[in-house]
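Everything on this sheet refers to the single structure shown next.
The values are calculated or read from the model by the stated rules, or taken from the named source; none is laboratory data. Fair warning: this is a prediction, and the values are worked out from it, not measured in the lab. Heads up, the Cβs are rebuilt from the backbone with ideal geometry, glycines too, and the neighbour counts pull from every protein chain shown. Accessible surface areas use protein heavy atoms only, side chains included; no ligands, DNA or RNA. Shrake-Rupley method; radii C 1.70, N 1.55, O 1.52, S 1.80 Å.
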Amino acid sequence: MNKETYLKQLESKLKRLPSYEVEAALEYYNEYFDEAGEENVQQVIKELGSPAQVASKILADYAIKDLDSHPESTKKGFSAIWIIILAILASPIALPLVIAVGALIFAFVLLFISLAFAGFALTISLIIAGIASVVAGVAVLAQHIPTAIFFIGIGLTATGIGILIFSPVISLIKKGSRAIALSLKKLFDRISKRSKGALK
């Protein structure tokens, strides 16, 4: 493989990035090849790894950078997690290790998503059930005042708790997705360093 083919393959793997990021990456690796010299192209390719490996690292770095610029975005957190998982799975590590790491990451991410969904569902359920209880209390107000007051009280309490915990739950989901993305990025960096060491 020559420099042009390598850079073309790298470019095709970076399609999901903004064009200015792709241009910056291609310019950097083009200069890297030029500084090494024409006679050392194969050595540089061996040192860098395949275009897919380099692209995985660039995508993982971009996912974290994008997450840093949008720290309040839950969507960016989950997107970063997904990109870094793909980067880890694209790393040149032994198949049994890929399966083990992949299963562990999948279980961990699934647990987080389940807890996030449960917290969000609990919050919404409290608010909806509270409103329903207030409506039921108002409906029986003319028939039995103590029962009506009981339902209205329970409803207002449930709605209040739901509203109170809504913001912390969303904040925990955002912080949790960010923490998982950063942890996965560290894992990816370790795997990348280890696999490069093994190739040398």
### Message
Tell me yes or no: at least one residue of segment 151-160 is modelled with pLDDT of 85 or more and closer than 30 Å to Val54 by Cα.
### Response
no
### Query
Does segment 90-99 include one or more residues that are assigned to a helix (DSSP H, G or I), open to solvent by less than 50 Å² (accessible area, probe 1.4 Å), in contact with a helix residue (DSSP H, G or I) (Cβ under 6 Å, 6 or more places away or on another chain) and modelled with pLDDT under 90?
yes
### Query
What are the residues in segment 110-167 that are within 30 Å of Ala179 (Cα to Cα) and open to solvent by 70 Å² or more (accessible area, probe 1.4 Å), if any?
Leu110, Leu111, Ile113, Leu115, Phe117, Phe120, Leu122, Ile161, Ile163, Leu164, Phe166, Ser167
### Message
Let me confirm something: among Ser177, Ser195, Ser183, which residue is assigned to a helix (DSSP H, G or I), modelled with pLDDT under 85 and touching a Phe, Trp or Tyr at 6+ places or on another chain (Cβ under 6 Å)?
### Response
Ser177
### Query
Looking at Ala80, Ala103, which one is buried (at least 16 other Cβ atoms within 10 Å of the Cβ), modelled with pLDDT under 85 and closer than 29 Å to Val169 by Cα?
Ala80
